[in-house]
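A.B. asks: There's a structure below that I have some questions on.
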Number of protein chains: 2
Amino acid sequence: MGSKNGEAMRNKQAIFRDFVTNGVFPKESDMEVTESIIELTRAVSEGSKGVLVKNLYLSCDPYMRNRMLKLPASAQSYLGTFQPGLPITGLGVARVLESGHPNFAKGDLIWGMTGWEEYSLLHEPETCFKIEHTDVPLAYYTGLLGMAGLTAYVGFFEICSPKKGETVFISAASGAVGQLVGQFAKLFGCYVVGSAGSKEKVDLLKNKFRFDDAFNYKEELDLDAALKRCFPEGIDIYFENVGGKMLDAVLLNMKLHGRIAACGMISQYNLEQPEGIHNLLSIILKPVRMVGFLVFDYYHLYPKFLETVLPQIKEGKIVYVEDIIEGLKNGPAALVRLFSGRNVGKQVVVVSRE
Amino acid sequence: MGSKNGEAMRNKQAIFRDFVTNGVFPKESDMEVTESIIELTRAVSEGSKGVLVKNLYLSCDPYMRNRMLKLPASAQSYLGTFQPGLPITGLGVARVLESGHPNFAKGDLIWGMTGWEEYSLLHEPETCFKIEHTDVPLAYYTGLLGMAGLTAYVGFFEICSPKKGETVFISAASGAVGQLVGQFAKLFGCYVVGSAGSKEKVDLLKNKFRFDDAFNYKEELDLDAALKRCFPEGIDIYFENVGGKMLDAVLLNMKLHGRIAACGMISQYNLEQPEGIHNLLSIILKPVRMVGFLVFDYYHLYPKFLETVLPQIKEGKIVYVEDIIEGLKNGPAALVRLFSGRNVGKQVVVVSRE
């Protein structure tokens, strides 16, 4: 379906109803899928550098949990919170319908920040990337070739400064980012172990992503013991996606001059008061470098990342597991599913396959 | 007093009696000052590269607390624990009496790892530095010109990558390291605030070390509020010496791309179970780089450090406050005093002024 100037079109939207109370698990009903009208004549007005897009694939990401909370500015991510009454925003893949911006033309495919709706008017399209390579599944640009991929690449190679033969532990290892960190680390020559929350996910880690070892953290009575079993000599690199008890156990098992890339702490996002971390002294005793990072600070590495990863995908050296849900109307369910860890692999919502 | 080969000399020693139970405050009686005999003929035997020294000044340092505990290897500092029945070991300034090592000659002054005793036979003297500049107080080599000084220098300049005009917070700011970090940061052009545990120390910070502001953490009901008062725009750099509740409050007040140099967590060393840190998510949200470091990894920077600091001392740009206790027999009391924060400035024990 194309767009015509002057036309008013129905625009299905996933609206953020209101802030979720800290400590309460988000429900589908915290969002509402409704329909509004978008007037295309006004969409890209004269002199504006806006771009009107048709959204195709939307990305469900753990950081979105934080944006559902009414938090003091000091505890917000720098993207701020969602706005009650307006559509959820997030990363997605979209087709340009009209463009007031010199970088984008009608028909271009892009990925970047967009709305959870059928059509979005993007006011800052320069924050989006134009998609040049379409000989891979387009949905990959919500994950493997989008923020998750760049996050895994930057977090592992730039933040952790890995050396061949080092030991690498990844939590939430079958997720959008974790599965890639593990594959990058294996290709680089590291010993890689991952944790995940179901037998199905552990099987994926061992058999599909070729990790050296993996365990189901829900079945381990003692995480410290599980880590000592997998890493008798300790951990050089920890790629942190979960926080809480796992981080505390990892801190006891870091090797001298270990590195922790702090990417997420999803186990903590639904707690009113985050769990206390008791073993931070390890950071000094070993010593350990623990670095939080935002992938947005590393967007300049995206071309280099693509250059590395595209051939690896085509040669079958990197595989990617997605959990695809059809239809914007199921978007809220997909997001809630991600927060509860019921997804297997990268959680994607299909708005339209065009 | 010189040494004579063939002579047997009395050697007063501060012996480590036994491990201190985790969570129990160390007492003077955990150490014992006794006398043994050192036979100088055998001290530096033929073919050995050992060095016999007369100890002059001993350094009391927070990391020594950890060495008094019987801990699993994973929780020990890489120096290991003290050995029950043997003298405490630590950094000190000493005079070489006999040398089997080509780098050191009789009469040289050195600083480095030595024993808490009048005379020590050092088996690895190459880990010590020869003192070349003696136109400053010799005791400075236990602090300002020793490990504390290099720690402050490395922690601030190498770990924190400061920029002029940035805001710097230092805990335990009147201590051996803190007072220097603050002065380095002021000379560099930063806005500097420190916390300490008494009015006397806060006065030192403001008046002697010329910090921009300082507060007594024991008089603040709400550390978060105290930090917001001192840093309405947030903290760029935190030099961490205490851990616990202070770290948790600081995490809420870090600015985007803040840096934390984790040097010590002295508030936690006497607790059976360290306090939980609840606000680590800030490390991702801001994001923040939190780096533990061991000064031993940066010894190669010592000449550069001396070159920078010696002129600053001579020009009166850097001052240093020491808390000097006379006599090895008072060594155990000095160490306990440090752990309880009753010292004001760098805690030094004088064994002999020669």
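A.B. asks: Considering the dipole of the protein assembly as shown built from charges on the beta carbon (Lys and Arg +1, Asp and Glu -1) around the Cα centre, which of B:290, B:318, A:60 is farthest to its positive end?
C.D. replies: After comparing all options, I get B:318.
A.B. asks: Please report, largest first and rounded to whole Å, the three semi-axes of the ellipsoid equivalent to chain A, where each semi-axis is the square root of five times an eigenvalue of the C-alpha gyration tensor.
C.D. replies: Details: eigenvalues 268, 99, 61 Å².
So the three semi-axes of chain A are 37, 22, 17 Å.
A.B. asks: Along each of the three principal axes of the Cα atoms of region A:117-211, give the extent in whole Å, ordering the values from largest to smallest.
C.D. replies: 46, 31, 24
A.B. asks: Along each of its three principal axes, how wide is the spread of alpha-carbon positions in region B:305-354, in whole angstrom units, largest first?
C.D. replies: Computed over the Cα atoms, the extents are 35, 29, 16 Å.
A.B. asks: Given labels modelled 7 Å from the Cα in the Cβ direction, how far is it in nm from residue A:228 to residue B:126?
C.D. replies: Modelled inter-label distance: 3.5 nm.
A.B. asks: Obtain the nm distance between the two label points defined at residue B:158 and residue B:34 by a simple spin-label model: each point lies 7 Å from its Cα along the Cα-to-C-beta direction.
C.D. replies: 3.9
A.B. asks: Under a cut-off of 24 Å between alpha-carbon atoms, report the lysines in cross-link reach of residue B:218, not counting same-chain residues fewer than 8 places apart.
C.D. replies: B:27, B:199, B:201, B:206, B:208, B:228, B:245, B:346
A.B. asks: Computed FRET efficiency, Cβ-Cβ of residue B:134 and residue B:296, R0 30 Å: what is it to the nearest 0.05?
C.D. replies: Values: r = 24 Å, r/R0 = 0.81.
Efficiency at R0 = 30 Å is approximately 0.75.
A.B. asks: Next up: I'd like to know which of A:198, A:187, A:174 lies farthest towards the positive end of the charge dipole of region A:147-296, counting +1 on Cβ of Lys and Arg and -1 on Cβ of Asp and Glu.
C.D. replies: In region A:147-296, that residue is A:187.
A.B. asks: Further question on the same structure: Given a Förster distance of 45 angstrom, what is the FRET efficiency for residue A:352 paired with residue A:188, based on the Cβ-Cβ distance and rounded to 0.05? Please list the in-between numbers first.
C.D. replies: On the way: r = 37 Å, r/R0 = 0.83.
Rounded to the nearest 0.05, the efficiency is 0.75.
A.B. asks: While we're here: In 10 Å bins starting at 0, how do the alpha-carbon pair distances of region A:147-296 split up by percent?
C.D. replies: Spelled out bin by bin, region A:147-296 gives 12, 46, 36, 5, 0 percent.
A.B. asks: Additional query: Percent antiparallel among DSSP beta bridges with both residues in the protein assembly as shown, to the nearest 5? Walk me through the intermediate numbers first.
C.D. replies: On the way: 72 of 124 bridges.
Beta bridges within the protein assembly as shown, antiparallel portion: roughly 60 percent.
A.B. asks: Still on this structure, I have one more. Among A:76, B:253, A:127, pick out the residue whose Cα is farthest towards the positive end of the charge dipole of the protein assembly as shown, where Lys and Arg carry +1 and Asp and Glu carry -1 on C-beta, about the Cα centre.
C.D. replies: A:127
A.B. asks: If the reach is capped at under 14 angstrom between alpha carbons, list the aspartates and glutamates near residue B:54, excluding any in the same chain fewer than eight residues apart.
C.D. replies: Output for residue B:54: B:39, B:98, B:108, B:117, B:118, B:354.
A.B. asks: Return B:111, A:116 ranked ascending by Cβ neighbour count within 10 Å, so the fewest neighbours appear first.
C.D. replies: So the residues, fewest neighbours to most, are B:111, A:116.
A.B. asks: Right, next: Could you name the lysines whose alpha carbon sits less than 21 Å from that of residue B:304, not counting residues in the same chain fewer than 8 places away?
C.D. replies: B:130, B:163, B:164, B:186, B:314, B:317
A.B. asks: Another question about this same structure. In whole angstrom, note down how far apart the Cα centers of region A:34-105 and region B:104-176 are.
C.D. replies: Each part's Cα centre sits 55 Å from the other's.
A.B. asks: Another one. Under 14 Å from the Cβ of residue B:151, count the other residues' Cβ atoms, weight Lys and Arg +1, Asp and Glu -1, and hand me the total.
C.D. replies: On the way: positive: B:346; negative: B:61, B:158, B:240, B:297.
Taking every Cβ under 14 Å from that of residue B:151, the sum is -3.
A.B. asks: How do B:265, B:246 rank when sorted from fewest to most other Cβ atoms within 10 Å of their own Cβ?
C.D. replies: Values: B:265 28, B:246 23.
The fewest-first ordering by Cβ neighbours comes to B:246, B:265.
A.B. asks: Residues of region B:190-218 with the amide nitrogen closer than 18 Å to a label point 7 Å from the Cα of residue B:271, along Cα-to-Cβ, please.
C.D. replies: B:196-197, B:217-218
A.B. asks: Then there is this: Extending each Cα 7 Å along its Cβ direction at residue A:86 and residue B:312, get the distance between those two points in nm, one decimal.
C.D. replies: 4.7
A.B. asks: Related question: Treat every Asp and Glu Cβ in the protein assembly as shown as -1 and every Lys and Arg Cβ as +1, leave all other atoms uncharged, and give the resulting dipole magnitude about the Cα centre to the nearest 20 debye. The partial results should precede the final answer.
C.D. replies: Numbers: 76 positive and 80 negative charges, 53 e Å.
Once rounded to the nearest 20, the dipole reads 260 debye.
A.B. asks: Let me ask you something else. Net charge near residue A:72: determine it from the other residues with C-beta under 12 Å of the C-beta of residue A:72, scoring Lys and Arg +1 and Asp and Glu -1. Could you put the intermediate results ahead of the total?
C.D. replies: Numbers: positive: A:70, B:228; negative: B:224.
After counting each charged neighbour, the total is +1.
A.B. asks: What is the Cα radius of gyration of the protein assembly as shown over 2.2 N^0.38 Å, N being its residue count?
C.D. replies: Numbers: Rg = 29.6 Å, N = 708, 2.2 N^0.38 = 26.6 Å.
The reported ratio for this selection is 1.11.
A.B. asks: Using only helices, what value at 222 nm comes out for the protein assembly as shown when you add -39,500 (n - 2.57) per DSSP H run of length 4 or more and divide by the total residues, to the nearest 500 deg cm²/dmol?
C.D. replies: -5000 deg cm²/dmol
A.B. asks: Taking the Cα centre as origin and putting +1 on Lys and Arg beta-carbons and -1 on Asp and Glu beta-carbons, what dipole magnitude results for region A:147-296, to the nearest 20 debye?
C.D. replies: Working: 16 positive and 16 negative charges, 92 e Å.
Once rounded to the nearest 20, the dipole reads 440 debye.
A.B. asks: Compute the label-point distances linking residue A:49 to its equivalents in the other copies; points lie 7 Å from Cα along Cα→Cβ; give nm, one decimal, shortest first.
C.D. replies: Listed shortest first, these distances are 6.4 nm.
Bear in mind these aren't lab numbers, they're just calculated from the coordinates by the rules spelled out. Note that the structure is predicted; figures quoted are calculated from it, not measured. In this analysis, Cβ positions are derived from the backbone assuming ideal geometry, glycine residues included, and neighbour counts consider all displayed protein chains.
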